[in-house]
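The values are calculated or read from the model by the stated rules, or taken from the named source; none is laboratory data. Quick caveat, the model's predicted, so the values are computed rather than measured. Backbone-built Cβ (ideal geometry, glycine too); neighbour counts: all protein chains shown. Heavy atoms of the whole protein, side chains included, go into the accessibility calculation; ligands, DNA and RNA do not. Shrake-Rupley method; radii C 1.70, N 1.55, O 1.52, S 1.80 Å.
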Amino acid sequence: MKAIVMAGGKGTRLRPLTCKQPKPMVPIAGRPMVEYILALLKQYRFTDIGMTLFYLPELITNYFGDGREFGVNLRYFVEETPLGTAGSVKNAEAFLDETFLVISGDALTDINLAEALVFHRARRALVTIVLTKVTNPLDYGVVITEEDGRIKRFLEKPGWGEVFSDTVNTGIYLIEPEVFRYYEKDQAVDFSKDLFPLLLKAGEPLYGYVAEGYWSDVGNLGQYRQANYDLLDGKLKFTPPGYEVAPGIWVGEGTELPTAAQVEAPVVLGKYVRVSKNAKLGKHTIVGDHSLVGEEASLKKSILWNHTYVGYQTEIRGAILAHRTHLKSGVRVYEGAVLGEGCTVGSKAVIKPEVRTWPEKYLESGSVLNSSLVWGNRWGTNLFGRQGVDKTANLEFTPEFAAKLGVAYGTILPENSWVVLGTDHYPPGQKLKAALVSGLLGSGVNLYDLGVAATPVTRQAVVALEAAGGIQLRVSPVAPENILVEFFDAQGLLINREMERKVEQAFFAEEFRRAALDRLGQIRNVDEFSARYLENILKATAREEIRAARYKAVVGVDPVDGPLDSLLTTVLTALGCATVAFEADTACSYRTVADVRKACLPSLAEQVRRERADFGVLLASNGECLILVDGEGGVVEEEQFTALLSLLVLKYGGAGTIPLPVTAPQFIKEVIQANRGEVVWTKANPRALMEKVAEAQLYPAGDGRCSFQATFDGLYAMTKVLELMAREKRSLAQLVALLPAYYTDRKQVDCSWDDKGRIMRHLFEENKDKEIEVIDGLKVFHDQGWALVLPDAEEPAFQIYSEASSPEAATELTSLYTSRITALQLR
């Protein structure tokens, strides 16, 4: 039978290993990865094989030739430009005149292909996608099927809120040649992103076969190490190359292994390896062909490719050494380090954990090689959390890290573009700002420097100054020891996940643009943009009606005496409000929003009553968070605040559609519908809500160009509440009293990352007969209300939200799902 092996991948996430090797040629226990794929195809009688190539194709064709040495017939189809997975297979259309199999040449698997073929033929499928179950489905294409295997939905690299299954696409397909009718040659077409959704929409028979067996896409360096260890541990049906001279010890032709050497299985030694006396080879050690391990050298869990040299008393722990790497005597290489091809390390040098060196580098004797990637295995491959990059100041967010983050962001922007930068007034952001700026300028990106600025000011400046993006440095609103870096797009919105991934890819692969000296970025200081921001607020507000009401307010900001203080006072004075400074006691040493509410609300409420003020206000989180107290000392909850803003734009702003996050209670929807509005539900993350608010143009700025984000702009939101009070001629307490009663609950339940996908699949299957929503997470409607199960994107946990007809019923719903998640973890 015929098969296509897709072997064109660059394997950028495996760099520096793939700087000089295409990913399919990266060795697993001494053999190229794709060689295991050819052996699998041969085992199941797929012996007429085409191979699609793009990156360094000659290395593959020179190694495999016509395939006879490997028991198969090989022909090659080389792409001149990248055509995507389906586009590359289209090049082989004339060859594929019968049912054929497509398989990735840069993965490792022992899946039973014969069983998949039987399934494909029994279902009379046009395409069968071979699926497997994984613990963390975020980096894969998730496929949801009916009970008979028919595919009903694709999710390409979902967020945790979209994970309803742990079955993912392996990149192995059984296909009928009729599929070629659906797309043209020489066009970039991807199977999972383009062709399969098209076939699904057309009603063609697409099936998913959930296979048993081992599968790894070897997508990063950690997975590469683990794939090698798994092969040595017997988790695949393949055996390592060579002869098993003792249990778990494989040795190639011509290898010398003296009795004085200490060897702990499993170990693989390639051909013509020389191990010197008193050397120690710990378990999970692999040494490639024509390599030498010197006297008293010590290796553990390390992977050495061909032609490597390990000197006297050198120690290697959990590292990877590519071809022709030379380590002299007394070198120390630690866990997770990777040395590219042709590197030489001088005697007694030290290479710290997670450090990667690109090919052909020389490290001088006695040097210590350190790098910001020392934290890499703790962070995985993700920089971004819910709202940006949030790291411990000067421990994780060091000057080196800041510079690298700056150049990574600058690299994904066009050269000579402009970026707006604002910081809060806390010392950590001020002092580490210079390092971030140096990285940006080095990538050829220019900078508008706002100096100390509130976050909403920075967002608006991005649009007003027509910049390509923006950055805000500030103390984290959830951890005062952390710095939060927020990145904005040209609309002033938080960048989307696609752009976050590009920054992460540049950061971890260290693929940076280095500008020529005459093209380095420049800095332009933009003073007093805050005045323009305040002017836009006043232009967009019913100023005279508010002035006529002559409100009195108790006002406070976090931090005290920060830039927010003058902004808040200036706006309220311009609106004719009398202000009294909040008398924060010593307990109100707050930075996080939770601290503000807990420590300061009781005293703020008491002062509002004592001063007979109309309301009290606290601005926190660098201007993004507004906390309100009405004239009777009652706290305006976040949900009530959202309902009041919705009421304003419906009655006085001409809006017809209001975006709400899926976590919002139903009573807000009732308020909106009662005022002839419609609701658009969004995901729970800030970017999703910002995007929909901007599309709806709910809060246009006074200059006609910018747009406010009331949910994330405390100062602007406060003016709109005052506008509603003035237009309705009601106090804040009276407006809140008009809102329906509601009862919500929220709980967090811890859950390991590995269990999240499986648990979401179980909950989805258990509730599929109920009314559900899957906009973000799994929302299940019950007789007494609803519950939302939302996987936390930053923590190994689930967030459970509920709303019901009584407090007890709301608590009962959250308890139902926390208990169920806990029980599923014990399986």
Those residues of the stretch 719-745 which are over 29 Å from THR573 (Cα atoms) and touching a helix residue (DSSP H, G or I) at 6+ places or on another chain (Cβ under 7 Å) amount to LEU739, PRO740, TYR742, TYR743, THR744, ASP745
Output the residues belonging to the stretch 546-567 that are at pLDDT 90 or above and touching a strand residue (DSSP E or B) at 6+ places or on another chain (Cβ under 9 Å). ARG550, TYR551, LYS552, ALA553, VAL554, VAL555
Top-ranked residue of the stretch 117-155 - restricted to ones that are within 32 Å of the chain's Cα centre (by Cα) and of a type in the set (Gly, Ala, Ser), ranked as farthest from LEU198 (Cα to Cα): GLY149
If only one of VAL127, VAL118 is without any contact (Cβ under 8 Å) to a residue 60 or more places away in the chain, closer than 19 Å to GLU176 by Cβ and β-branched (Val, Ile, Thr), which one is it? VAL118
Could you give every pair whose Cβ atoms fall below 8 Å, whose first residue belongs to the stretch 518-542 and is under 20 Å from MET718 (Cβ atoms), and whose second residue is surrounded by fewer than 18 Cβ atoms within 10 Å (Cβ to Cβ) and among the basic types (Lys, Arg), counting only separations of at least 6 or pairs across chains? ALA542/ARG727
Can LEU299 be described as out of contact with any Pro (no Cβ under 8 Å at 6 or more places or on another chain), under 20 Å from ALA260 (Cα atoms) and open to solvent by 10 Å² or more (accessible area, probe 1.4 Å)? no
Please go through (1) closer than 17 Å to ASP713 by Cα; (2) aliphatic (A, V, I, L, M); (3) touching a Leu at 6+ places or on another chain (Cβ under 6 Å) for LEU447 and return the number of the only condition it doesn't satisfy. (1)
Of (1) open to solvent by 20 Å² or more (accessible area, probe 1.4 Å); (2) more than 21 Å from GLY492 (Cα to Cα); (3) not hydrophobic (A, V, I, L, M, F, W, C), ASN685 satisfies all except one. Which? (2)
Taking GLY406 as the residue in question, decide whether it is modelled with pLDDT of 90 or more and open to solvent by less than 30 Å² (accessible area, probe 1.4 Å). yes
Qualifying residue in the stretch 735-753 (condition: open to solvent by 10 Å² or more (accessible area, probe 1.4 Å), under 30 Å from ASN536 (Cβ atoms), in contact with an Asp or Glu (Cβ under 8 Å, 6 or more places away or on another chain) and not in a loop (DSSP other than H, G, I, E, B)): yes
GLY222 versus (1) in a strand (DSSP E or B); (2) closer than 29 Å to GLY330 by Cβ: which is the lone unmet condition? (1)
Considering only strands (runs of 3 or more DSSP E) fully contained in the stretch 55-159, which possess at least 1 residues that are touching a Leu at 6+ places or on another chain (Cβ under 8 Å) and either modelled with pLDDT of 90 or more or among the acidic types (Asp, Glu) (or both)? 73-78, 100-104, 127-133, 151-156
If you check LEU59, LEU17, LEU38, which single one turns out to be within 28 Å of CYS343 (Cα to Cα) and either crowded, with 23+ Cβ neighbours inside 10 Å or acidic (Asp, Glu) (or both)? LEU17
May I ask you to list the residues in the stretch 1-53 that are touching a residue at least 60 places away in the same chain (Cβ under 8 Å), hydroxyl-bearing (Ser, Thr, Tyr) and out of contact with any Asp or Glu (no Cβ under 9 Å at 6 or more places or on another chain)? TYR44
Considering VAL163, VAL210, VAL218, which residue is β-branched (Val, Ile, Thr), at pLDDT 90 or above and either in contact with a helix residue (DSSP H, G or I) (Cβ under 8 Å, 6 or more places away or on another chain) or within 27 Å of GLY385 (Cβ to Cβ) (or both)? VAL218
Of (1) in contact with a strand residue (DSSP E or B) (Cβ under 7 Å, 6 or more places away or on another chain); (2) assigned to a loop (DSSP other than H, G, I, E, B); (3) free of Cβ contacts under 8 Å to residues at least 24 places away in the same chain, LEU299 fails just (2)
Within the stretch 777-827, take every residue that is assigned to a helix (DSSP H, G or I) and among the hydrophobic types (A, V, I, L, M, F, W, C) and give me the one that is surrounded by the fewest Cβ atoms within 10 Å (Cβ to Cβ). ALA823
Residues in the stretch 304-317 that are open to solvent by less than 10 Å² (accessible area, probe 1.4 Å), closer than 14 Å to LEU281 by Cβ and in contact with an Asp or Glu (Cβ under 9 Å, 6 or more places away or on another chain): how many? 1
Residue by residue through the stretch 418-432, note down the ones that are in a helix (DSSP H, G or I), more than 15 Å from THR455 (Cβ to Cβ) and not polar (S, T, N, Q). PRO427, PRO428, LYS431, LEU432
Give the stretch 337-353 a look and list any residue that's touching a Phe, Trp or Tyr at 6+ places or on another chain (Cβ under 9 Å), open to solvent by less than 30 Å² (accessible area, probe 1.4 Å) and not in a strand (DSSP E or B), or say none. GLY340, GLU341, CYS343, GLY346
Index of the failed condition, ASP527 passing every other in (1) open to solvent by 90 Å² or more (accessible area, probe 1.4 Å); (2) touching a Cys at 6+ places or on another chain (Cβ under 7 Å); (3) not small (Gly, Ala, Ser): (2)
